[in-house]
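What follows is one structure encoded as structure tokens, with my remarks underneath.
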Amino acid sequence: MRKEMQNEVWTLAEQFDGKLKAVSYELLSRGRSLADKLGTSLTSVLIGDGVSDQDLEALIRQGADRVYVVQSPELKYFVCETYGRILENLIKEYRPSVLLAAATSMGRTLMPYTAVKIPTGLTADCTELDIEEGTGNLLQTRPAIGGNIMATIKTPDHRPQMATVRPKSSRPLPADASRRGDILRIPLDKALVDARTQVRGYRHEDSDTLGLDEADIVVAGGRGLKKAENFNLIRSLAGRLDAAVGASRDAVDRGWASYPHQIGLSGKTVSPKIYVGIGISGAIQHLAGIKTSETIVSINSDPDATLHKLADLAIVGDAFQVIPEIQRRLDEKRRVKHG
Amino acid sequence: MNIVVPIKQVPESSNVKMDPETGTVIRKGIETVVNPLDLYALEASLRLREQHGGTVTVISMGPPQATRALKEAVAMGCDAAALLSDRRVGGSDTCATSYALAQMIKTVGKYDVIICGERATDGDTAQVGPGIASWLDVPAVTYVSKIEEIEDGRVLMERLVEEGYQQISTSIPCLVTVVKEVATPRLPTLKGKIRSMELNIPVYSADDIALDPKYIGLKGSPTKVVRIDTPKVTRGGRTIAAQDDVSIEAAADEFIDLIEKKGLLQ
């Protein structure tokens, strides 16, 4: 192995059905700034199947100096044990200094599994990453205790320094067609395939399944909507804004929305650019799931709703009047735009 | 079917208060509860036992008072419980914690399925479950929303992932982390409560379960906390009253402006 390939910053790309997920590019923008500060190179690591050369080159255009790729039909779906063995072997061979992954269902499973195998430290759900002056250690900042505190953590004596980062918490770098880099194709060592776990397939339930983790805008409804039919107001506004549909625990428990939409302590944590809470009072359990949103909007007729206090924009009014008005205005805008 | 459920005692979430001076959580006088997400793991375990027989053993790591959380699990119907309590494991990060719990699991006996909550509501990392699986070298299946059946030594499940529900199976022994959807937790029964009061819960020390000092406690934790900050809660928000036609229109305009400014208007 060439010496310059050691102490790199690595980011873990993700694919589904042969398509790279957006988080792969988001991580590269995080990794790029760390690698530049450290004066090292940035490598995107992909384990999967069916990702085209063109897409691999896109990783280079969007920040990577190298791409290490292990592809095989056996790696079509993420299986923790198999991916874990491959990643562990890559780490032991190439000795990166930093390894970042997205805080997705894959990243949050693979990273802790792999960190123990090394063993090394891992920090979950980081919102900020920086390099410590002098030591070059990775400073990893994450919200804890329901977003009430921010803890800054480092892994001084173990390598790689591993962290997961929430999807959508950074923007991908613009593609730069002049960037050049190496794509290193590493053949799958079949002995690493662990056959104990088998993926059988997928089942899709709702039509409005745009991922809460990936959406720029989340529109969420709560008890203030009063009944199941009214939840359609949330779906229709979300559809208009290309937003994901969220729900408070109350709304899910009443059957107005299914569990995958639940935001909060016992549901998902979201960090969209805009979170819109409609008829949501703002129980602390719900707030824990939205605190890292860039902008928070609350629409609620109750002036004392806790969510209003946290919101950047609090609209004290009846959602059944305000939302139709928003939609009417959006229609108007669209008509103007399209003549 | 022998099932082990690692649980955590956490501060009751609605009561968490921060010390504005030190930026740390005020632990004094705070009510503690069983991590709410562990209740789903307990319920899923009890249901598996009802279908397949066997035992459910609940374990935890923490101060001696964590026995209370274990008793609650016994009151729900768990058969046995054990606590790891030792100052030397204090300050463990997720790597060290998962090591200690893996050793506990080996100590309490033969296991088929280990069921964990998705994450603890205080630390919020979701790392300890997969970490335990890694130390034990058993498959880790996370975010399980439904345990369908167990046949021929395999567990058939669905897990909630970004693409929808993934149908997956794995072989026993394995570790599973579950989400809320898996089952609605039962309440403790009177009979269970009486049993939990009478049950003697063994408390192990680090030596009892042969923990290697180099992997436990603050010293054995690869991650170190550098500092704790309390983020400012005030976001400098604007409040608009939308009571009549004019103010409703103004509110709608402001909302659309906000989205437009972020470049998110389609």
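The values are calculated or read from the model by the stated rules, or taken from the named source; none is laboratory data. Computed from a prediction, not measured in an experiment: that's the story for all the values here. Cβ atoms come from the backbone with ideal geometry, glycine included; neighbour counts cover every protein chain shown.
Here are a few things to note about the model shown:
- Some residue of segment A:251-266 being within 9 Å of chain B (Cβ to nearest Cβ), touching a residue at least 60 places away in the same chain (Cβ under 8 Å), among the aliphatic types (A, V, I, L, M) and touching a Ser or Thr at 6+ places or on another chain (Cβ under 8 Å): yes
- Condition met for A:Gly282 (on the phi > 0 side of the Ramachandran plot and outside any strand (DSSP E or B)): yes
- Some residue of segment B:47-54 being surrounded by 24 or more Cβ atoms within 10 Å (Cβ to Cβ) and either under 20 Å from B:Val179 (Cβ atoms) or in contact with a helix residue (DSSP H, G or I) (Cβ under 7 Å, 6 or more places away or on another chain) (or both): no
- Scan of segment A:131-147 for residues that are closer than 22 Å to A:Asp213 by Cβ and either free of Cβ contacts under 8 Å to residues at least 60 places away in the same chain or more than 20 Å from the chain's Cα centre (by Cα) (or both), ordered by number: A:Gln140, A:Thr141, A:Arg142, A:Ala144, A:Ile145
- Per the conditions (1) free of Cβ contacts under 8 Å to residues at least 12 places away in the same chain; (2) more than 30 Å from B:Thr177 (Cα to Cα); (3) more than 9 Å from chain B (Cβ to nearest Cβ), the sole criterion not satisfied by A:Gly239 is (1).
- Unmet criterion (only one of (1) surrounded by 13 or more Cβ atoms within 10 Å (Cβ to Cβ); (2) within 30 Å of A:Thr152 (Cβ to Cβ)) for B:Pro173: (2)
Here's the yes/no breakdown for (1) under 30 Å from A:Ile118 (Cβ atoms); (2) not charged (D, E, K, R):
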{"position": "B:Arg195", "(1), (2)": "no, no"}
{"position": "B:Ser221", "(1), (2)": "yes, yes"}
{"position": "B:Val225", "(1), (2)": "yes, yes"}
{"position": "B:Ile248", "(1), (2)": "no, yes"}
{"position": "B:Ile256", "(1), (2)": "no, yes"}
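- Residues (assigned to a loop (DSSP other than H, G, I, E, B) and modelled with pLDDT of 95 or more) located in segment B:156-178: B:Ile172, B:Pro173
- Residue in segment A:162-181 that is part of a strand (DSSP E or B), among the β-branched types (Val, Ile, Thr) and touching a Ser or Thr at 6+ places or on another chain (Cβ under 6 Å) present: no
- Restricting segment B:114-155 to residues that are assigned to a loop (DSSP other than H, G, I, E, B) and more than 7 Å from every other protein chain (Cβ to nearest Cβ), the residue that is farthest from B:Val34 (Cα to Cα) is B:Asp152.
- Taken over segment A:297-329, the criterion of being assigned to a strand (DSSP E or B), within 27 Å of the chain's Cα centre (by Cα) and at the interface with another protein chain (Cβ under 7 Å from one of its Cβ atoms) is satisfied by A:Val297, A:Leu313, A:Ala314.
- Pairs, first of a type in the set (D, E, K, R) in segment B:237-266, second at pLDDT below 95 and part of a loop (DSSP other than H, G, I, E, B), C-beta under 6 Å, six or more apart: B:Lys262/A:Lys273
- With respect to (1) within 27 Å of B:Val138 (Cβ to Cβ); (2) facing chain B (nearest Cβ under 9 Å); (3) surrounded by fewer than 22 Cβ atoms within 10 Å (Cβ to Cβ), the lone exception for A:Arg108 is condition (3).
- The listed residue being crowded, with 18+ Cβ neighbours inside 10 Å, over 20 Å from the mean Cα position of the chain (by Cα) and modelled with pLDDT of 95 or more, out of A:Val79, A:Val98, A:Val67: A:Val67
- Selected residue [surrounded by 12 or more Cβ atoms within 10 Å (Cβ to Cβ), closer than 19 Å to A:Gln161 by Cα, basic (Lys, Arg) and more than 7 Å from chain A (Cβ to nearest Cβ)] from B:Lys214, B:Lys219, B:Lys224: B:Lys219
- Residues located in segment A:137-158, provided they are buried (at least 19 other Cβ atoms within 10 Å of the Cβ), within 7 Å of another protein chain (Cβ to nearest Cβ) and in a loop (DSSP other than H, G, I, E, B): A:Ile145, A:Gly146, A:Asn148, A:Thr155
- One residue stands out in segment A:196-212 among those that are surrounded by 14 or more Cβ atoms within 10 Å (Cβ to Cβ) and at pLDDT 80 or above: the one that is farthest from the other protein chains (Cβ to nearest Cβ), namely A:Leu212.
- Residue in segment B:176-211 that is surrounded by the most Cβ atoms within 10 Å (Cβ to Cβ), counting only those that are among the polar types (S, T, N, Q) and more than 14 Å from chain A (Cβ to nearest Cβ): B:Ser196
- A:Gly181 falls short of the stated requirement of being in the same structural domain as A:Pro324 (by TED's automatic domain parsing) and touching a strand residue (DSSP E or B) at 6+ places or on another chain (Cβ under 6 Å).
- All of A:Thr109, A:Thr135, A:Thr152, A:Thr123 fail the test of being touching a Pro at 6+ places or on another chain (Cβ under 9 Å), at pLDDT 90 or above and closer than 30 Å to A:Ala283 by Cα, apart from A:Thr109.
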